[in-house]
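All remarks here apply to the structure that follows.
The values are calculated or read from the model by the stated rules, or taken from the named source; none is laboratory data. Keep in mind that this is a model prediction, so the values were computed, not measured. Here the Cβ positions follow ideal geometry from the backbone for every residue, glycine too, while neighbour counts run over all protein chains shown. To get the accessible areas, we keep the full protein, side chains included, count just its heavy atoms, and leave off ligands, DNA and RNA. Shrake-Rupley method; radii C 1.70, N 1.55, O 1.52, S 1.80 Å.
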Amino acid sequence: MMTLVAWINRAVWFGTVIMFASLGEIITEKSGNLNLGVPGIMFIGGFAGFAGAYYYENAVANPNVALIVLIALLCAFVAAGLGGLIYSFLTITLRANQNVTGLALTIFGAGIANFFGVRVLNGGTSVKATFANKVFTAKIPFLSKLGTVGDMLFSYGFMVYAVIILAVVIHCVLYKTRTGLNLRAVGENPATADAAGVNVTKYKYVATCLGAGLTGLGGVYYVLDYGYGTWSTANSIEALGWLAVALVIFATWKPLNIIWGSYLFGVLYWLYNYLPTILGITIPPYATQLIQMVPYIVTIVVLVFVSFRKKRENQPPASLGLAYFREER
């Protein structure tokens, strides 16, 4: 039972990282922009949030809990949002190719985070924001002690619960408000939305920058909670960024599907680590990487299945990845 609980815990922690990034990418893609720079933006947000928290806790004798959370989240959101702004300017204003721009942003984000990270590392290979890690991993005081149930449901930091609420809010905004309707219209047919009086450029810019900001929160969660508050030269945020992009497809661009989909990805990703113990079997080392491919394989299967069914509500936005030329309207 303890192994099963540990597996669930690891799946939830892992799933929370990609859930933030996937929710951000859904908002971006609903506007018609395909941002493949998710891994780079996670790098930027993760480093900026870590750096803000690290410098603050080392600058004062008694760091404030609320302030260190605010600094970390704000630094991550703003820095990642700036990454989204760069992408928006290149693809919306200059109408550069979205795929190429996104891939370039991934390389740029990882490079700039590691470039400035050298200053924080100060010649070492890793450094830890101890106080920030304690704050971000703090459990719910009483509920986390309710035995097995407490271990499975209430033994997580505040961001695990915050992202679930965020997914519900995004769903309500997208499907229950006029703003969400306009955003979806921009992603489906920007020319028609423009003719109806919707400011297409504004919606694309705001959605892309907001989506990038949320993606950055996934990066800071990875560093300060999932990664034990440690920034190192061997950071593996990039792999999770690509998994977040795959999750958007798996969830068929629906925020509520992201919730259970992210945890399923977490269970599948850590399959190799816990299933052998539960079943009493041995997995050879060379099979580990193959098993970690399972979430991607599942995504491909879902994509093929959805394509065959051809249900409109399960398809990506019609103008996804296409630049909008207003003069051609």
- Would you check which residues across the stretch 218-240 are modelled with pLDDT of 90 or more and either in a helix (DSSP H, G or I) or basic (Lys, Arg) (or both) and list them? Gly218, Gly219, Val220, Tyr221, Tyr222, Val223, Leu224, Asp225, Tyr226
- Message: Tell me the residue from Ile278, Ile249 that is aliphatic (A, V, I, L, M) and either modelled with pLDDT of 80 or more or buried (at least 16 other Cβ atoms within 10 Å of the Cβ) (or both), please.
- Response: Ile249
- Query: Since Val100 meets every condition but one in (1) in contact (Cβ under 8 Å) with a residue 40 or more places away in the chain; (2) under 16 Å from Trp242 (Cα atoms), which condition does it not meet?
  - Reply: (1)
- Message: Residue under question is Gly150, and the condition is that it be within 23 Å of Tyr228 (Cβ to Cβ), among the small types (Gly, Ala, Ser) and either modelled with pLDDT of 90 or more or assigned to a loop (DSSP other than H, G, I, E, B) (or both); does it hold?
- Response: no
- If we scan the stretch 134-148, do we find a residue that is among the hydroxyl-bearing types (Ser, Thr, Tyr) and closer than 22 Å to Glu238 by Cβ? no
- Qualifying position, being under 22 Å from Leu82 (Cβ atoms), open to solvent by 70 Å² or more (accessible area, probe 1.4 Å) and touching a residue at least 40 places away in the same chain (Cβ under 8 Å), among Leu166, Leu214, Leu224, Leu210: Leu210
- Message: Given the criteria open to solvent by 10 Å² or more (accessible area, probe 1.4 Å), touching a helix residue (DSSP H, G or I) at 6+ places or on another chain (Cβ under 6 Å) and either modelled with pLDDT of 85 or more or assigned to a loop (DSSP other than H, G, I, E, B) (or both), does Val267 qualify?
- Response: yes
- Item | Residue that is modelled with the lowest pLDDT [pool: residues in the stretch 119-142 that are more than 24 Å from the chain's Cα centre (by Cα) and open to solvent by 70 Å² or more (accessible area, probe 1.4 Å)] | Gly123
- Within the stretch 172-181, can one find any residue that is part of a helix (DSSP H, G or I), open to solvent by less than 50 Å² (accessible area, probe 1.4 Å) and modelled with pLDDT of 95 or more? yes
